Amino acid sequence: DTGVSQDPRHKITKRGQNVTFRCDPISEHNRLYWYRQTLGQGPEFLTYFQNEAQLEKSRLLSDRFSAERPKGSFSTLEIQRTEQGDSAMYLCASSLGGPGGNQPQHFGDGTRLSIL
Amino acid sequence: EDQVTQSPEALRLQEGESSSLNCSYTVSGLRGLFWYRQDPGKGPEFLFTLYSAGEEKEKERLKATLTKKESFLHITAPKPEDSATYLCAGNSGNTPLVFGKGTRLSVIA
């Protein structure tokens, strides 16, 4: 069990630029979640996948945000035309999912995005 | 709307001084109540899942309990290494977690 891996750990970019983050979940986990966390707040849900299917998106996920999980393994989160308000820690989590189960989500250490 | 509220926001304890953190929730059809520990600059680390009222789980100096309206994280004889933010979250099945804002715990030697 190598844990959830996220890359990069830190990203600094200018307002208006596009950024992409990657998440590699725990290998046997079929569910993958993206959350956003700002200082002093708990993580807020953005979107999640079961295998390659994107099952739910939060209203926080504006049309500048897009996420993919093309082969049901790793996932990418892209933010287009970044804004100051996008500065946050972006967290990825994975879990086993299926009927009757409610397994804990395991988190990576996040990508910290800073918009100049 | 599902909501999780944690109190206090911050707690400062002397080493060895036991205390409890509170998590109250309004999650319709709650299927799981989760506790996480988060260190600065790190992602949340899973501690416990509680599934039904009356359930208790323990790990070292930590014990989590669940009632129909709230959960408590009891910390017995804490040490400085227990200093962290403790997050509580709930969901109604295999759904995204709804988190509280956390309790920042500082344990002073």
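Laboratory data are not the source of any read-out in this text; all were calculated from the coordinates shown. Here the structure is a predicted model, which is why all the values come from computation and not from measurement. Here Cβ is always computed from backbone atoms with ideal geometry, including for glycine, and neighbour counts include all displayed protein chains.
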For this session: Take the alpha-carbon positions of the range A:52-116, form their convex hull, and give its projected area averaged over all directions (one quarter of the hull surface) in nm².
Result: 5.4
Exercise. For the protein assembly as shown, what value does the Rg/Rh ratio take when both radii are computed over Cα atoms and Rh is the Kirkwood radius, given to two decimals?
Worked result: 0.97
Seminar exercise, completed: Spelling it out for B:ARG31: with amide H atoms placed in the peptide plane at 1.01 Å from N, the residues 5 or more places away or on another chain with amide H under 5 Å from its amide H are B:ASN91, B:SER92, B:GLY93
Seminar exercise, completed: Phi-derived 3J(HN,Hα) across the range A:55-65 with the Karplus relation (6.51, -1.76, 1.60, θ = phi - 60°), rounded Hz, x for Gly and Pro, is 8, 7, 10, 6, 5, 5, 7, 6, 6, 7, 9
For this session: Could you give the size of the charge dipole of the protein assembly as shown about its Cα centre, using +1 on the Cβ of each K and R and -1 on the Cβ of each D and E, expressed in debye and rounded to the nearest 20?
Result: 460
Exercise. Can you give the direction-averaged projected area of the convex hull of the alpha-carbon atoms in the range B:1-61, in nm²?
Worked result: 5.6
For this session: Run through all the Cα pairs of chain B and give the fraction in each 10 Å bin from 0, expressed as whole percent.
Result: 16, 50, 29, 5, 0
Seminar exercise, completed: The pairs in B:LYS59/B:LYS101; A:LYS57/B:LYS59; A:LYS71/B:LYS101; A:LYS57/B:LYS68; A:LYS57/B:LYS63 lying past 31 Å Cα-Cα in this model are A:LYS57/B:LYS59; A:LYS71/B:LYS101; A:LYS57/B:LYS63
Exercise. Given Cα pairs under 8 Å that are at least 6 residues apart, what percent is the relative contact order of chain A?
Worked result: 37
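Could you give me D for chain A, from Stokes-Einstein at 4 °C and 1.567 mPa s, where the hydrodynamic radius is the Kirkwood radius over C-alpha pairs? Units µm² s⁻¹, please. Spell out each step's value before the answer.
Numbers: Rh = 14.2 Å.
Here the translational diffusion coefficient equals 91 µm²/s.
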